[in-house]
Amino acid sequence: MPNRFDMKDFKKTKAQLIHEITELRKRCATLEIAAGERSQLETEIMDARNYAESIVKTVREPLVVLSSDLKILFANHCFYDTFKVAPEDTTGNYIYDLGNRQWDIPKLRFLLEDILPHATVFKGYEVEHDFLNIGRKIFLLNAREIFRENIGSHIILLAMEDITERKQMEAQINQLAFYDSLTKLPNRRLLNERLSQAMSDSKRSGRYCALMFLDLDNFKPLNDTYGHAVGDLLLIEVANRLKNCVREIDTVARFGGDEFVVILNDLSMDKTESASQAELVAEKIRTSLSSPYLLLIKHEGKADATIEHHCTASVGVALFINHLANQDDILKLADKAMYQAKESKR
């Protein structure tokens, strides 16, 4: 039978088409709005990224951004200028591989792999290293781990402050403040600190310590005959000989003029045995200092001359333990013993 066309069905179909077209237009409009918002968001993200990168580029300290697997994502100009590396040899490489692995530093590994994952932020981490391109440097590292939610991964921001010059100046100031400029031995200020530390260690360990006061017996005639420059040569040689007579844990200090002080740490718990140990060192010192000194005298416009000088030393020893005496008392006891030794030679 022929298919009859019903106007009612036609009208219904037309209404449906109009509805579908209307909904489609609404959807298109929604998509256009979303696309516009997305484009605006992408523009804002790009602007924010460019703004952040412009800030990073203007930072006057080396700065790198690392991926979670420690590959370099970005480095600023100061990083390239400081470490003398090129961008094409940096971005995308592991930080440890930079410059023929000169960045494979144990302390840096410890910071990035052991400390930072647990701390997230770590400031003031000091690293000293010999770099191939720039020599020995000391850097203060500030690191921060940042989680990027949009891609679900971590990045590490690593800033570096070159404190080499500051450390060198601090060392020079420390040298001037605590060490004798001629002999390079600890001066009286550092001696007092070392003596205080020895007394504290003695209290904790229950072991005796000893303080020796030394005075050179034949120093003034050398100064009077050849001048202070030659006397200084003798003092320098005396300082070297004294250091060779004691252990690393002991202290040799210049007290002033031709007077020296030696602190012997960590002797025996027994007083008699400690006295015997100290006397052995004192005898070693007396023997060493009594050996002839060959001093090279330089005169401008004249040939150099070498003189042989004989010089002995008087040594006074005072044992101490815990805090049974104060620092002044210990020094006075050793000084008194030294003068008794000097008088016994006359």
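The values are calculated or read from the model by the stated rules, or taken from the named source; none is laboratory data. Values in this document were obtained by computation on a predicted structure and should not be read as measured data. Here Cβ is always computed from backbone atoms with ideal geometry, including for glycine, and neighbour counts include all displayed protein chains. SASA here: full protein model, heavy atoms, side chains in, ligands and nucleic acids out. Shrake-Rupley method; radii C 1.70, N 1.55, O 1.52, S 1.80 Å.
Overview of results
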| quantity | calculated |
| --- | --- |
| Residues within region 230-245 that are without any contact (Cβ under 8 Å) to a residue 24 or more places away in the chain and among the acidic types (Asp, Glu), tallied | 0 |
| Residue within region 85-105 that is of a type in the set (Lys, Arg) and in a strand (DSSP E or B) present | no |
| One residue from Phe213, Phe219 being modelled with pLDDT of 95 or more and of a type in the set (Phe, Trp, Tyr) | Phe213 |
| Scope region 61-114; condition in contact (Cβ under 8 Å) with a residue 40 or more places away in the chain, over 15 Å from Ala143 (Cβ atoms) and open to solvent by 60 Å² or more (accessible area, probe 1.4 Å); matching residues | Lys84 |
| Close pairs from region 327-342: first modelled with pLDDT under 95, partner of a type in the set (S, T, N, Q) and not in a helix (DSSP H, G or I), Cβ under 9 Å, at least 6 apart | Met338/Ser314; Tyr339/Ser314; Gln340/Ser314; Ala341/Ser314; Lys342/Ser314 |
| Residue list for region 311-329, restricted to those being open to solvent by 10 Å² or more (accessible area, probe 1.4 Å), closer than 30 Å to Val230 by Cα and assigned to a loop (DSSP other than H, G, I, E, B) | Thr312 |
| All positions within region 142-184 that are at pLDDT 90 or above, farther than 22 Å from Val64 by Cβ and either of a type in the set (Gly, Ala, Ser) or in a loop (DSSP other than H, G, I, E, B) (or both) | Ala177, Asp180, Ser181, Leu182, Thr183, Lys184 |
| Residue tally, condition free of Cβ contacts under 8 Å to residues at least 40 places away in the same chain, open to solvent by 80 Å² or more (accessible area, probe 1.4 Å) and farther than 14 Å from Ala159 by Cβ, over region 115-137 | 5 |
| Residue within region 174-188 that is within 25 Å of Leu267 (Cβ to Cβ) and charged (D, E, K, R) present | yes |
| Any hit, region 279-301, residues being over 20 Å from Asn218 (Cβ atoms) and either open to solvent by less than 40 Å² (accessible area, probe 1.4 Å) or touching a residue at least 40 places away in the same chain (Cβ under 8 Å) (or both) | yes |
| Within region 287-305, considering residues that are modelled with pLDDT under 90 and outside any loop (DSSP other than H, G, I, E, B), the one nearest to Ile236 (Cα to Cα) | Leu296 |
| Verdict on Gly227 being open to solvent by less than 30 Å² (accessible area, probe 1.4 Å) and free of Cβ contacts under 8 Å to residues at least 24 places away in the same chain | yes |
| Identity of the residue in region 246-273, free of Cβ contacts under 8 Å to residues at least 60 places away in the same chain and within 30 Å of the chain's Cα centre (by Cα), that ends up most open to solvent (accessible area, probe 1.4 Å) | Glu248 |
| Odd one out for Leu222 among (1) open to solvent by 70 Å² or more (accessible area, probe 1.4 Å); (2) more than 36 Å from the chain's Cα centre (by Cα); (3) within 22 Å of Lys298 (Cβ to Cβ) | (1) |
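Let's see how each residue does on (1) closer than 22 Å to Asp335 by Cβ; (2) not in a helix (DSSP H, G or I):
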| position | (1), (2) |
| --- | --- |
| Leu222 | no, no |
| Leu242 | yes, no |
| Glu248 | no, yes |
| Phe260 | yes, yes |
